[in-house]
1. Test of understanding: ordering 53, 70 by Cβ neighbours within 10 Å, fewest first, what list do you get?
2. Once the dipole of the range 7-62 is set up with Lys and Arg at +1 and Asp and Glu at -1 on Cβ about the Cα centre, which of 59, 10, 30 lies farthest towards its positive end?
3. With r as the distance between the Cβ atoms of residue 59 and residue 21 and R0 = 22 Å, compute the FRET efficiency 1/(1 + (r/R0)^6) and round to 0.05.
4. In which sequence would 75, 42, 55 go, from the one with the fewest C-beta neighbours within 10 Å to the one with the most?
5. Would you kindly calculate the mean projected area, averaged across all directions, of the convex hull enclosing the Cα atoms of the range 1-102, in square nanometres?
6. Where the centroid of each part is defined by its Cα atoms, how far is the range 81-98 from the range 1-44 in Å?
7. What order do you get for 79, 51 when you list them from fewest to most C-beta neighbours inside 10 Å?
Amino acid sequence: MTAVDVLIIGAGPAGLTAATYLARFRRSVLVADGGEPRAAWIPLSHNMPGFPEGIGGDAILTRMRLQAEEYGAQIRPVFVEGLAREGDGFTARLGDVRITARAVLLATGWWTITRTCPESRTPSPGGWCASAPSATASRPSANPSR
Ligand SMILES: Cc1cc2nc3c(=O)[nH]c(=O)nc-3n(C[C@H](O)[C@H](O)[C@H](O)COP(=O)(O)OP(=O)(O)OC[C@H]3O[C@@H](n4cnc5c(N)ncnc54)[C@H](O)[C@@H]3O)c2cc1C
């Protein structure tokens, strides 16, 4: 079983920002990267400080990952399936792997809930489908926040 100071769930801008700060404060950090961050949808962002000419979502994420890893954060392509309180900390279930952490930071963004599921996903018992953005039917072509 792996033990870390902080388990960060989600490797979008929120999780990666937290990872860089915590790693710089010499905490052992594991980032669980469930994939398909909403940030990857950004065609060209014009509100990222330091990039007056704009920067795309994939480039932002690549830079943020490098920065977090530079300070020692580990980023793993895993989905956290379960989380429970244990003693003073937490135990997380990632497939067959168990992680213990003194603290857990939820940076899971938000998912689109639809009535219909793509074939690759199983609906909830209530019939709803929680889909990451790119699994939903339509993907906006323009940047709404520009
Ligand atoms: C088309 C478009 C354009 C945009 N343009 C801009 C812009 O120009 N400027 C701007 O500021 N914002 C923009 N946004 C908004 C921006 O993308 C979001 O605000 C940002 O991505 C939120 O970051 P986040 O880290 O909270 O979540 P996300 O980027 O969604 O990342 C969350 C991550 O958590 C992971 N996750 C969830 N559950 C688990 C689990 N159990 N285990 C492991 N991982 C898990 C997900 O898989 C995902 O990778 C835009 C959004 C869209 C769709």
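1. Fewest to most other Cβ atoms nearby, the residues stand as 53, 70.
2. 30
3. 0.60
4. In increasing order of surrounding Cβ atoms, one gets 55, 75, 42.
5. Result: 6.7 nm².
6. 17 Å
7. If I rank by nearby Cβ atoms, fewest first, I get 79, 51.
Values in this text are rule-based calculations from the coordinates and carry no lab data. Since this is a predicted model, take the numbers as computed values, not measurements. Methodologically, a virtual Cβ is constructed for each residue, glycine included, from the backbone with ideal geometry; neighbour enumeration extends over all protein chains shown.
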